[in-house]
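Some notes on the structure that comes next.
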Amino acid sequence: MVASLGTVNVYAQISTQTAQEVKASSNTEVLIRKIRFSGNSSIKDRVLEGLIKTRTNREFLAIPRFTPWLYLHTLSNGRVGENPSLLDRSIVGNDLERIRLYYESLGYRDVQVDTTIVSLRESKVEVSYIIQEGPRYFIESVGFTGFPSTLSKETKTRFYARSPLTKTAINDSTFQLFEAYNATELRQEQERILSFLKNNGYASASRDSVIAFIQPGEQNHGLKALFYVAAGPSYRFGDVNIVYNNAQNPSNEVSSLRYSSDKIVLTPTSTTTLEDTTLVSKQSLPATINLTKSTNLPTKNQVIIDQIAITPGDLYSETDYLQSIRELQNLGMITIKRFGLSEFGINPDFSAEIIPVYIELESITPHRITTELFGMKRYGFGTGVGIDYSNINVNGLAERLNISVNSSFEFVSEETIQQITPKDQVQSSLFRSYELRGEYTLPRLARPFRSLNDVPNFVSARSTYSLSYSRSDQLYFDINSDLQFNYRLEVPHSNSRLSTLDLFELDIIDTNPSTEFKKNLIDEFGQNSLEYIRILQDFEPQISSIIRYSFRDYTTSLIKRNNGYFREFSLSAGGNLPYLVDRFLVTPGDLEGELPTLFKLSDNQLLYSQFAIFTMDLRQYIPLASGTILSYRLFGGIAHPFGKNTSIPLNRRFFAGGSNDIRGWAPFQLGPGTISSDQVTINGGEIKLAGFVESRQVLIQNLLGANWYGALFADAGNIWYGPRNDFRSQDNKDQLEQGRFLFSNFYRQIALGTGSGIRIDWDYVVIRLDFTLRAHDVNLGWFNDKKLYFSFGIGHSF
């Protein structure tokens, strides 16, 4: 807590009624029409509005006094809409106290807060909060006293050096600061001291163990802060007692083992009944880890023991204690029923020097099979079936195995085929596809990063190997095989920060473009044209490898997205593995730019490209008022081919348009540049810039179990060809000029879609309906397309 030795005079009262004020008695219902703040030169109105509980009725899009929900309530005699916000003088009084305390926490210790309630019209009032801020106090120095003498001077010096409040040392424990008083920063320092004590053996330390005394300083409006520490006695970890039961198949037989502090088995496995099991007394023996487990559980003992960050017999560390619990949770195949520092009670026994740890675990069903049956429509009507098997404790090592099989069949009528292409160009009117996928996940880092598993920032890491194989029939080309392999490492640095490394991602796709597909290209561009060659290359067999690092930092709910932020950065390099195989294995000394198919599955050659990609995705969600949220997103990406390559694979390019991108354009139908979708000769682009802004306001609450939001939005952006994507006609004219990124011209090629929509927000899912007008069509200009474009989505667009 923060205690003050000085005295502060604060005046906070509700003004007596005047001739301008409400003449009605206190039991008359008076509508609050306006809230005003005056005198708050240092604090914005929006901040103060978040502090007080007195409210006007919700204003649509924050437009002053525009309250359609109150109007609906009046018209319907209270059946729909929003109840009127009525004046409550006790709430206004509490608001004054909240404002005063907030100002004091920022150093305005002489603040005075008053209010006036003024009549606007009959039964309508304006509530004004009048603030006299006064001077802002500052902290001259910060001192620390009372740290245990058992802590070394070096330990305390390192602790002081990490504090944001210790600028210039006056002596070993006092530091100059000369910064504005801020109660939040003092509380954070109090929490830092408390955490320091608990991680250095002082388990009984509490908030009352660290007190900040604030007293007048030597200068006018100056203060001195002194943190007084009463740490209490030091403690060590005792036994770590773990009980692991089988919830699916309870057994009365258990095995008990003792492990030393370095996790070596001290006693052989012994099997007893649950009633006869007693843990070895530790009065005279060194502290150990004791594991009591149902004998019919397949989990290896070492899997449980390896998650324990506690070292029995060492000084108590709350970080190690909580880290052990998190590591057990991250295994994903157990439930933690109970954990604590006493066997039966809630609070630990601080009368002894040793603190034991008790953890009770319960198994989760390891095997699961799910099936799905679905319908589909593309060219015709079809159906499909999928089967998924998962095992969350493979070989008793908490490793997860997922195997899935999906297959679909689509029947296309003769009439549909004849409308698209002559019937003799299609081998069958029944299109078939299937996919086999396997995924194996380890709750730790695998080679070559295994040594990092004990590093604090890597202890919750995962390694995933995935392999998939698919085939499918298409109208213009068949995918003979699509083989994908990925080795991914995921490292959650905290609850909001995640690093992902795709160390090895390989995609081999073998296709057969149909004769009709090639004929259409020849008819449009000519058999030997560059367009024909480049487009055909995009649909020919290819091999792609990539290594990619991504960093994600977010504080927002990934479903609600109503506050906080989301940031993601990604850097990847591709095509280097096929390049090395081509240069040194397949044709040593001769670089061909293609490889034979794997295992000779077909006679096709596999093309490859070398490239690098960087993307940046920034999103912010700002609550403006009750039920109103302003959000924006900025996205930028660039893909650059290198080596002998002038373009990158089709599946690695950027595309624009769609309900989750720039609304108003269908997926893949925007850009590059000012090239229209029916003129695109090379699909996708190497550069993408986009910006999005959206305002959401609650319209109806709890209708069909959901909140219904109205939204206004604007999406802007485009894609462009990069500088190396060279495509010229026979007379050496640049065919990509309209779609190429140029600093002098790109801003004229920004498409803009604006519109409104509805968000139906349940706790578990959000349904989105949007109507968009193309405010700026890159081909038609500003407001020349009068059509409304509808889009449907699950979840927010960003």
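The values are calculated or read from the model by the stated rules, or taken from the named source; none is laboratory data. This one's a predicted model, so the numbers in the text were calculated from it and none came from an experiment. A quick note on method: Cβ atoms are made from the backbone with ideal geometry, for glycine too, and the neighbour counts reach across all protein chains shown. We work out accessible area using only protein heavy atoms, side chains counted, and drop any ligands, DNA or RNA first. Shrake-Rupley method; radii C 1.70, N 1.55, O 1.52, S 1.80 Å.
What is the distance in Å between the Cα centroid of region 708-722 and that of region 531-562? Answer, in whole Å: 19. Under the rule a/c < 1.5 gives rounded, and otherwise a/b versus b/c splits prolate from oblate, where does region 501-615 land using the Cα gyration tensor? Taking the square roots of the gyration eigenvalues as a ≥ b ≥ c, region 501-615 is oblate.
Between the entries (1) 33.1; (2) 26.8; (3) 30.4, the label attached to Kirkwood radius over Cα pairs in Å calculated for this structure is (1). Solvent-accessible area per residue in region 43-147 equals 50 Å², computed with a 1.4 angstrom probe and all protein chains kept. When nucleic acids and ligands are ignored and a 1.4 Å probe is applied, Phe66 ends up with an accessible area of around 90 Å².
The residues of region 707-798 have, on average, 52 Å² of accessible surface per residue, using a 1.4 Å probe with all protein chains present.
Estimate the FRET efficiency between Gln215 and Ile794 by the formula 1/(1 + (r/R0)^6), using the beta-carbon distance for r and 60 Å for R0, to the nearest 0.05. Step by step, r from the Cβ atoms, then E = 0.55.
Here Ser206 and Thr145 are evaluated by their C-beta separation; at R0 = 30 Å the FRET efficiency comes out at 0.95. Summary of the geometry: region 144-197 and region 483-506, compared by the centres of their Cα atoms, lie 38 Å apart.
Between Phe504 and Glu154, the distance separating the two model label sites (each 7 Å from Cα on the Cα→Cβ line) works out to 4.3 nm. Between region 63-97 and region 239-263, the C-alpha centres lie 59 angstrom from each other.
What shape does region 123-264 have by the C-alpha gyration tensor, where a ≥ b ≥ c are the square roots of the eigenvalues, rounded means a/c under 1.5, and otherwise prolate means a/b greater than b/c and oblate the rest?
The shape class here is oblate.
Evaluate the relative contact order of the chain (contact order divided by residue number), counting alpha-carbon pairs under 8 angstrom at least 6 apart; express in whole percent.
It rounds to 6 percent for the chain.
Shape of region 282-335 from the C-alpha gyration tensor: oblate (a/c of 1.5 or more and a/b not above b/c, with a ≥ b ≥ c the square roots of its eigenvalues). Full extension of the chain between Glu318 and Ser494 yields a length gain of 61.7 nm, computed as 0.36 nm times the residue separation minus the alpha carbon distance.
A simple charge model with +1 on the Cβ of Lys and Arg, -1 on the Cβ of Asp and Glu and nothing else charged puts the dipole of region 94-170 at about 600 debye relative to its Cα centre. Here the Kirkwood formula puts the hydrodynamic radius of region 161-232 at 13.2 Å, using every distinct Cα pair. Taking each residue as 0.36 nm, the span from Leu101 to Val455 lengthens on full extension beyond its C-alpha to C-alpha distance by 123.2 nm. Taking the accessible area of the chain, probe 1.4 Å, and keeping the other protein chains in place, the carbon and sulfur fraction comes to 53%.
To the nearest 20 debye, what charge dipole does the chain have about its Cα centre, counting +1 at the Cβ of each Lys and Arg and -1 at the Cβ of each Asp and Glu?
Result for the chain is approximately 1640 debye, rounded to the nearest 20.
Using the Cβ-Cβ distance between Lys124 and Phe60 with R0 = 25 Å, the FRET efficiency computed as 1/(1 + (r/R0)^6) comes to roughly 0.85.
Of Lys153/Lys198; Lys53/Lys560; Lys263/Lys293; Lys518/Lys644, which ones are farther than 21 Å apart at the Cα? Spell out each step's value before the answer.
Details: Lys153/Lys198 18 Å; Lys53/Lys560 24 Å; Lys263/Lys293 16 Å; Lys518/Lys644 26 Å.
Violating the 21 Å limit, Cα to Cα: Lys53/Lys560; Lys518/Lys644.
Here each label is just a point 7 Å from Cα along the line to Cβ, and for Tyr389 and Ser90 those points are 6.5 nm apart.
Full extension of the chain segment joining Tyr747 with Ala573 gains 59.8 nm, where the gain is 0.36 nm per residue of separation less the Cα-Cα distance.
Past the 18 angstrom mark, what percentage of all C-alpha to C-alpha distances in region 447-519 do you count? In whole percent, the share of Cα-Cα pairs in region 447-519 beyond 18 Å is 57.
Each of Arg437 and Tyr465 was given a label point 7 Å from its Cα along the Cα-to-Cβ line. The distance between the two points is 1.9 nm. Kirkwood radius, region 630-721, all distinct C-alpha pairs, inverse of mean reciprocal distance: 15.1 Å. Taking GluC sites (Glu not before Pro) across region 327-393, the ones in a DSSP loop with at most 14 further Cβ atoms lying within 10 angstrom of their Cβ are Glu343, Glu353. Taken over region 475-567, the ratio of Cα radius of gyration to 2.2 N^0.38 Å equals 1.69.
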